[in-house]
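Asker: Dropping the structure in here first, questions after.
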Amino acid sequence: MSSTVRPPEDQPQQESLIEIEYYTDPLCCWSWAFEPQWRRLRYEYQGLIKWKYRMGGLLANWNNFSDPLYSVNRPLQMGAVWLEAHQLTGQPIHNRIWGDDPPSSSYPACIAVKCTALQSTDAQEAYLRHLREAVMLQGQNIAKEAVLFDVANELAFRQPGLLDVEQLEQDYRNGKGQEAFREDLYKVRFGNISRFPTLILRKQGRHAFMIVGYRPYHVLQDALRQVAPGLRPVQEADGAAVYRNFWGSTTEREIEEALT
């Protein structure tokens, strides 16, 4: 399944769509830090890109986890990484969770996201964002099933008709979500993807282009030009209020990025 933002009615279609395969994880601080650039890209190139999320399975458990890049093998050390992500990018991050109530795994959240994808791409998009906000802004432990379902219920209340929470819980427990997550894990291993976020941009008839890790916005633009040299933005953010209304909830860093 993929997500597509439709172009404004007065904007002509320029070229065939760019396809983006986005490897991420709800518990990945660098994916959260990348949200300002990712949102800006989808806003400015409405209707010209479509995307598909792959859940990366960042943290299976702490017994076997090791991140040699940041020398992390226990929860408290992860807090320092999240603090660094905040300081380097300006995106707010609740790093104290790794001392207060450290998540034991990112797999439950990944599975829950895949359950929402079984319903619709819009449900998946909204739920993934709400999960990120729950852990990154509010310090909620999204490894807990109760939190996963509470976030789903809150989303269903805010946007009636978007998400069937009972169906989500059913697919979470009957294995359908886990089966979909296994497919993503296979893609991660087959593609030798070890860092998140990772984006693979494709256009028919051209070589794919990969972006690995947190990157500034101009790197995304350069990647688009590599894949589709004639591609141009269809719009730019016209003030903070308009941009905030478009997304529903935003951080100050996301507004700052959009108005740069």
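The values are calculated or read from the model by the stated rules, or taken from the named source; none is laboratory data. Everything numeric here is computed off the predicted structure, so don't read it as measured data. Reconstructed Cβ throughout: ideal geometry from the backbone, glycine too, with neighbour counts over all protein chains shown.
Asker: For the range 180-239, give me the residue count where each residue is under 25 Å from residue 65 (Cβ atoms) and assigned to a helix (DSSP H, G or I).
Answerer: So the count comes out to 11.
Asker: Also, I was wondering about something else. Please indicate, with yes or no, whether at least one residue in the range 243-258 is among the hydrophobic types (A, V, I, L, M, F, W, C) and in a loop (DSSP other than H, G, I, E, B).
Answerer: Looking for residues that are among the hydrophobic types (A, V, I, L, M, F, W, C) and in a loop (DSSP other than H, G, I, E, B), one finds none in the range 243-258, hence no.
Asker: A further question on this structure: Examine the range 144-163 for a residue that is touching a Leu at 6+ places or on another chain (Cβ under 8 Å) and loosely packed, with under 14 Cβ neighbours inside 10 Å, and state whether such a residue exists.
Answerer: No, the conditions are met nowhere in the range 144-163.
Asker: So if I check each of 133, 166, 183, 145, which one is under 17 Å from the mean Cα position of the chain (by Cα), among the charged types (D, E, K, R) and at pLDDT 95 or above? Can you show your working first?
Answerer: Numbers: 166 fails: under 17 Å from the mean Cα position of the chain (by Cα); 183 fails: under 17 Å from the mean Cα position of the chain (by Cα); 145 fails: under 17 Å from the mean Cα position of the chain (by Cα).
Matching residue, one of 133, 166, 183, 145: 133.
Asker: What tally of residues in the range 120-157 results from selecting those that are out of contact with any helix residue (DSSP H, G or I) (no Cβ under 8 Å at 6 or more places or on another chain), of a type in the set (Gly, Ala, Ser) and free of Cβ contacts under 8 Å to residues at least 12 places away in the same chain?
Answerer: Number of matching residues: 1.
Asker: Can I ask one more? Has the range 183-201 got any residue that is touching a helix residue (DSSP H, G or I) at 6+ places or on another chain (Cβ under 8 Å), over 24 Å from residue 41 (Cα atoms) and surrounded by 18 or more Cβ atoms within 10 Å (Cβ to Cβ)?
Answerer: no
Asker: Now a separate question. Return a yes/no flag: does the range 69-77 have any residue that is in contact (Cβ under 8 Å) with a residue 12 or more places away in the chain and crowded, with 17+ Cβ neighbours inside 10 Å.
Answerer: The answer is yes; a qualifying residue exists.
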